[in-house]
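Worksheet: the structure to be examined is printed underneath.
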Amino acid sequence: DGGITQSPKYLFRKEGQNVTLSCEQNLNHDAMYWYRQDPGQGLRLIYYSQIVNDFQKGDIAEGYSVSREKKESFPLTVTSAQKNPTAFYLCASSIAGGLLETQYFGPGTRLLVL
Amino acid sequence: KNEVEQSPQNLTAQEGEFITINCSYSVGISALHWLQQHPGGGIVSLFMLSSGKKKHGRLIATINIQEKHSSLHITASHPRDSAVYICAVHPISSGSARQLTFGSGTQLTVLP
């Protein structure tokens with residue numbers, strides 16, 4: 001079955017620690033995205049990538065970093081510079097990142113700060 | 001003011017009722033999406049609209065580009081329809097992959 005997987009489902013971060021959220025897709029999609037969801041707010045874009053080895057900042061990239069070394073994988077690192085990391089993180093992909101494309105979402109990772 | 005506003009924020013209905021969720025936006029768009037987020041957090045795309053009306057099973061989505069408004073209707077609602085319904089728009093100014101702007105969602109609870 002094709003789809004997007006995210007791991008872990010829950011992640012705990014200690015103060016000052018960097019943590020990495022995994023996102024993998026086997027849909028052969030070129031474009032991948034990371035969103036953050038906070039209660040009562042719409043999803044906000046953190047980073048997106050339209051092709052391997054290339055990525056662009058979204059609206060709230062500060063305190064986050066990404067890499068896109070493989071087409072299937074787009075890991076997100078929440079760095080210690082992100083002062084309010086507690087949120088639900090969603091990864092998505094689409095065929096080519098163009099207009100009028102459907103984005104397919106993963107199941108999400110909930111990040112909590114200890 | 002958010003670019004995408006949804007109403008109501010919360011909606012409780014009895015099984016079998018006809019449900020309407022509204023979405024208004026303030027920017028020119030090339031497309032509008034309706035998404036469904038289940039209690040576990042996973043999101044499923046329901047519709048993508050750029051004009052008119054689309055129907056899939058008991059779900060109907062309409063859009064009025066001139067009025068910058070879209071509605072999602074659910075006929076013969078069922079408890080399994082309970083979820084958060086999210087409206088998202090693709091602004092014309094956003095260029096290629098430049099992204100969807102999301103509403104904050106409508107929490108629907110359908111009681112048996």
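Listed values, structure above:
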quantity: Binned Cα-Cα distances of the protein assembly as shown, short to long, each 5 Å bin given as a whole percent; calculated: 1, 7, 15, 18, 19, 17, 12, 7, 3, 1, 0
quantity: Chain B: relative contact order as a whole-number percent, Cα under 8 Å and 6+ apart; calculated: 37 percent
quantity: Electrostatic dipole magnitude of segment A:10-98 [Cβ: Lys, Arg +1; Asp, Glu -1; Cα centre; debye, to 20]; calculated: 180 debye
quantity: Cross-link table A:LYS70/B:LYS68; A:LYS71/B:LYS55; A:LYS70/B:LYS54; A:LYS9/A:LYS83; A:LYS9/A:LYS71; A:LYS14/A:LYS57, entries beyond 32 Å C-alpha to C-alpha; calculated: A:LYS70/B:LYS68; A:LYS71/B:LYS55; A:LYS70/B:LYS54
quantity: Gyration tensor (alpha-carbon) shape descriptor, chain B, a/c threshold 1.5; calculated: prolate
quantity: Approximate spin-label separation B:HIS56-B:HIS69, in nm, with each point projected 7 Å along Cα-to-Cβ; calculated: 2.5 nm
quantity: Sequence-distant residues sharing a close amide H with B:ILE29 (under 5 Å, placed H); calculated: B:ILE92
quantity: Under the Karplus curve 6.51 cos²θ - 1.76 cosθ + 1.60, θ = phi - 60°, whole-Hz ³J(HN,Hα) for segment A:70-76, x wherever Gly or Pro sits; calculated: 10, 4, 7, 10, 8, x, 10
quantity: Rounded to the nearest 20 debye, dipole of the protein assembly as shown from Cβ charges on Lys, Arg, Asp, Glu; calculated: 120 debye
quantity: Average partner coverage of A:36-48, which counts Cβ from other chains inside 10 Å; calculated: 4
quantity: Cut-off under 5 Å, modelled amide H: who pairs with A:HIS29 long-range; calculated: none
quantity: Two-decimal Rg/Rh across chain A, once Rg and the Kirkwood Rh are taken from alpha-carbon atoms; calculated: 0.95
quantity: Karplus 3J(HN,Hα) series, Hz, for segment A:54-60 with 6.51 cos²θ - 1.76 cosθ + 1.60 (x for Gly, Pro); calculated: 9, 8, 10, 6, x, 6, 9
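Where a number appears in this text, it was derived from the coordinates with a stated rule and is not lab data. Given the structure is predicted, the values throughout are model-derived calculations rather than measurements. As a convention, Cβ positions derive from the backbone with ideal geometry for all residues, glycine included, and neighbour counts pool all protein chains shown.
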